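This report refers to the structure that appears directly beneath it.
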């Protein structure tokens, strides 16, 4: 066949694109239910971890059961544990690259953080993306929110520790912008909910 | 005359290493090597994509019109990148959360296009597949060496596991966290290996 023929070139391109499109559509169709299940499991797992609750096993069914039995989503978008000891709020921060979405859970007095977990982030892998790691999120457990002093941030991420404060966690080395963006996003949300 | 399997691997792993000798795939070598786990996933993705796209493009080499050969290469490579992305997302969403951004970057790795153009376009399928594997391995070797230096010095961990007794002796070397350190390390490694290979060549003459 004459591969220089313009008709052949156009036909080749069309057929190639149709075949590739078909292949990827089939793969997408076949994996769609699995991806939807994974998405649901991931969200339930994140919410459970934010509330520091563990199911009896790691199956999707148990996580779904835990979230539906022990945590209620209120009409105003707040998560509330059924024993009313913990309250969860979704937050959105304008991260370095894109939105950072997560859930922060406080005690019923809204003065201490129980935990923080992330639903979505697109920060630099190995740098800002490390906000998801336990080493970073565990710092928030038991952190006090400084409601008393209105001139300071409710919580502080990175930066110099102010003497006498107990509302600061370390930022991530090399990810100053992500740490700052997260701090601003959390403080904005918290100042609406807890003050 | 077709190259032997040994010759293909020897060429891509050392003598014509894609990163150190051909200076291809530098971007990801700088970006992902601050953490070894991320590096390993990136290497696996590049190895699979290079090998499979080399195989497919070699099979198609006689029917691809010359005018659109690069477009065809990009289309085939992109298809494999999407397959890698979807398969990881379906099989292991936890892994995908960390390496998702890297997977999309595989298509920008010039090694894959480079080997498709330099080898798969004019060789039979099996040697092309092996060349893809060898190039992926050559790339992986360099990245792993850099990551093994950067992660312990930058984060005090290796594969996420803290170094023994690091509270006592370890101090963070912040620059190792940044891509800047990869520039220096890659340059030093390139210098060393090229020197070694040139001396070896001079010794053989």
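All of the numbers you see were taken from the coordinates with simple rules; none came from a lab. Only a predicted model underlies this, so the values are computations on that prediction, with no experimental measurement involved. Neighbour counts are summed over all protein chains in view; Cβ atoms, including those assigned to glycine, are modelled from backbone coordinates with ideal geometry.
Observations on the model:
- Three principal axis lengths of the range B:72-152 [C-alpha, angstrom, descending]: 40, 31, 20
- Here is the P(r) of the range A:70-195: all C-alpha pair distances, binned every 5 Å from 0, give 2, 11, 21, 25, 20, 13, 6, 1, 0 in whole percents.
- Radius of gyration, Dmax [the range A:1-66; alpha carbons; angstrom]: 22.6, 67
- Inter-chain Cβ neighbour count for A:116-127, averaged per residue, equals 4 (cutoff 10 Å, partner chain atoms only).
- The share of Cα pairs per 20 Å bin across the protein assembly as shown, counted from zero up to the longest distance, runs 23, 47, 26, 5, 0 percent.
- The share of Cα pairs per 10 Å bin across chain B, counted from zero up to the longest distance, runs 9, 31, 33, 20, 6, 1, 0 percent.
- Cβ-derived FRET efficiency at R0 60 Å, residue B:201 paired with residue A:43, nearest 0.05: 0.55
- Förster radius 60 Å - calculated FRET efficiency between residue B:83 and residue A:163 (Cβ-Cβ, nearest 0.05): 0.60
- Taking Cα atoms only, the orientation of helix B:179-204 departs from the longest principal axis of chain B by about 60 degrees.
- Segment residue A:27-residue A:15, length gained on full extension (0.36 nm per residue, minus Cα span): 2.5 nm
- Computed FRET value (nearest 0.05) for residue B:15 with residue B:175, which takes r as the C-beta separation and R₀ as 41 Å: 0.85
- Cα centroid separation, the range B:96-112 to the range A:11-53: 17 Å.
- Protection proxy ranking for A:138-147, A:117-126, A:47-56, using the average of other Cβ atoms within 10 Å per residue and placing the highest first: A:117-126, A:47-56, A:138-147.
- Rounded to two decimals, the Cα radius of gyration of the range A:12-114 over 2.2 N^0.38 Å is 1.51.
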